[in-house]
Amino acid sequence: MLSAPPSPTALHPFESLTPDVVMDALASVGLFGDGRQLALSSYENRVYQLHLEDGQAVVAKFYRPERWSEAQILEEHAFSAELMAAEIPVVGPLTLNGATLHHFGGFAFSVSPRRGGRPPELDDPDVLEWIGRFLARIHTVGVARPFVHRPALNLHTFGVESRDWLLANERIPLDVQSAWSKASQDALDLIATYPDITPARGSKDSKNSYSDPVRLLRLHGDCHPGNILWTPLDSPSSAGPGPHFVDLDDARSGPAVQDLWMLLSGDRQQRSRQLGALVDGYEQFREFDRRELALIEPLRTLRLIHYSAWLARRWDDPTFPINFPWFGSSDYWQGQVQMFEEQMEAMQEDPLVV
């Protein structure tokens, strides 16, 4: 009989997650590893590729304690299941012993099939169009019903809460605190004029308001290139060619463009070309609301604030100082001030056109 280790500590929640605990957790749901473990890139949770005695390989995700409630995790799993039922290539958790979420040693964990793949070639318009088609299909499922437990992506949850936490916990060095506080508040004030990423709708005289609000729907939420595994047409993989979407851990409600803009890079002309290919694919399955193009830079600005707060909140986890040694210095925060100034200019430019 397996004996569970002590529950994770508040200071470092993954301190007790040793290789033996990972193997015992897997065995608790009837999966027996052959001893091979590979830690995959993940800072928020702990994720391992594990080889089983029968020759298969799986990926086990151990959720950071107290980040999501059990209801929120199960809602993510249910969304993944809906997407897979619609034959969308999302890699979701396996149902083992009648459940997708399991508990061992104070940790909640899930097990998913391993999927190989490489990063998508985002300079290839055919690749972008293919991704756009599947994003539209994800959103078609996403719009069918709302999230009940998972939060929305908006000015308050990503911007105001993050900024307030950083200031209340004195994470900004004194020599740059005043400049950062002003620049971040100026940026949030400008974002507040965009009614579709504020909890309350904007007034009729808001420069970005319109009669019908943008539709908010369930999203992947963190659709950057690292969360898309690309399988080439000539691959022998049984998963099928094209994109495979992984890690719905940040699934939230928000505007559809949130799942598109993180795939854009380069200068304005390059981003317009990339966006055009994504939308060409997207509109083969679902209409894309062009008004959402005005939300790209506000969403990028909110992500910058949220990212700084995320790093600061996790600094007690030893993996963060090791992997983000540049974070927290006066130079870092001064760089954030400059980025806010650049984003203020970007938010006042004309949106990208497709």
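Read the figures in this text as sums done on the coordinates, not as results from a lab. Just so it is clear, the structure is predicted and the values come from calculations on it, not from any experiment. Every residue, glycine as well, gets a Cβ built from its backbone with ideal geometry; the counts of neighbours run over all protein chains shown.
Using the charge dipole of the chain (Lys, Arg: +1 at Cβ; Asp, Glu: -1 at Cβ; taken about the Cα centre), state which of 327, 25, 132 has its Cα farthest towards the positive end.
Looking along the dipole axis, the top candidate is 25.
In degrees from 0 to 90, rounded to the nearest 10, what is the angle of the helix 296-313 Cα long axis to the longest principal axis of the chain?
50
Using a Förster radius of 41 Å, what is the FRET efficiency between residue 169 and residue 52 based on their Cβ-Cβ separation? Nearest 0.05, please.
0.45
Specify the angular offset, from 0 to 90 degrees and rounded to the nearest 10, of the alpha carbon long axis of helix 268-282 from the longest principal axis of the alpha carbons in the chain.
60
Given contacts defined as C-alpha pairs under 8 Å and at least six residues apart, what's the relative contact order of region 125-347, whole-number percent? Kindly include the intermediate steps, with their values, before the conclusion.
Values: 288 pairs, mean separation 72.4, N = 223.
Reported as a whole number, the value is 32 percent.
Most exposed first by the Cβ proxy, i.e. fewest other Cβ within 10 Å, how do 46, 118 rank?
Numbers: 46 20, 118 11.
Listed from fewest to most nearby Cβ atoms, that is 118, 46.
Hey, got a sec? Which chymotrypsin sites (Phe, Trp or Tyr not before Pro) in region 14-65 land in a DSSP loop and have at most 13 other Cβ atoms within 10 Å?
32
Based only on other Cβ atoms within 10 Å, what is the fewest-to-most ordering of 289, 54?
The most exposed by this proxy come first: 54, 289.
Please give the helix 125-142 orientation as an angle from the longest Cα principal axis of the chain, in degrees from 0 to 90, rounded to the nearest 10.
80
What's the FRET efficiency of residue 287 with residue 189 using the Cβ-Cβ distance as r and R₀ = 25 Å, to the nearest 0.05? Don't skip to the answer; put the middle values down first.
On the way: r = 32 Å, r/R0 = 1.27.
Rounded to the nearest 0.05, the efficiency is 0.20.
Which part of region 77-115 falls in the paramagnetic zone of residue 38, meaning amide N under 19 Å from the point 7 Å along Cα-to-beta-carbon?
91-92, 111-115
With the crude spin-label approximation of a point 7 Å out along Cα→Cβ, what separation in nm comes out for residue 143 versus residue 18?
Output for this residue pair reads 5.2 nm.
If R₀ is 45 angstrom, what is the calculated FRET efficiency for the pair residue 330 and residue 103, using the beta carbon separation as r and rounding to 0.05? Write out the running numbers ahead of the final one.
Working: r = 43 Å, r/R0 = 0.95.
E(calc), rounded to 0.05, equals 0.60.
Restricting to region 125-347, compute how many DSSP beta bridges are antiparallel as a %, nearest 5.
90
Could you give the radius of gyration (one decimal) and Dmax (whole number) of the Cα atoms in the chain, in Å?
Cα-based Rg and Dmax for the chain come out at 21.2, 67 Å.
How would you rank 152-164, 182-194, highest first, on the average number of other Cβ atoms within 10 Å across their residues? It would help to have the intermediate numbers written out before the result.
Details: 152-164: 20.2, 182-194: 18.5.
In decreasing order of mean packing, 152-164, 182-194 become 152-164, 182-194.
Which GluC sites (Glu not before Pro) in region 50-118 pass both tests, a DSSP loop state and at most 16 other beta-carbon atoms within 10 Å?
Those that pass, being in a loop and sparsely packed, are 53, 66, 87.
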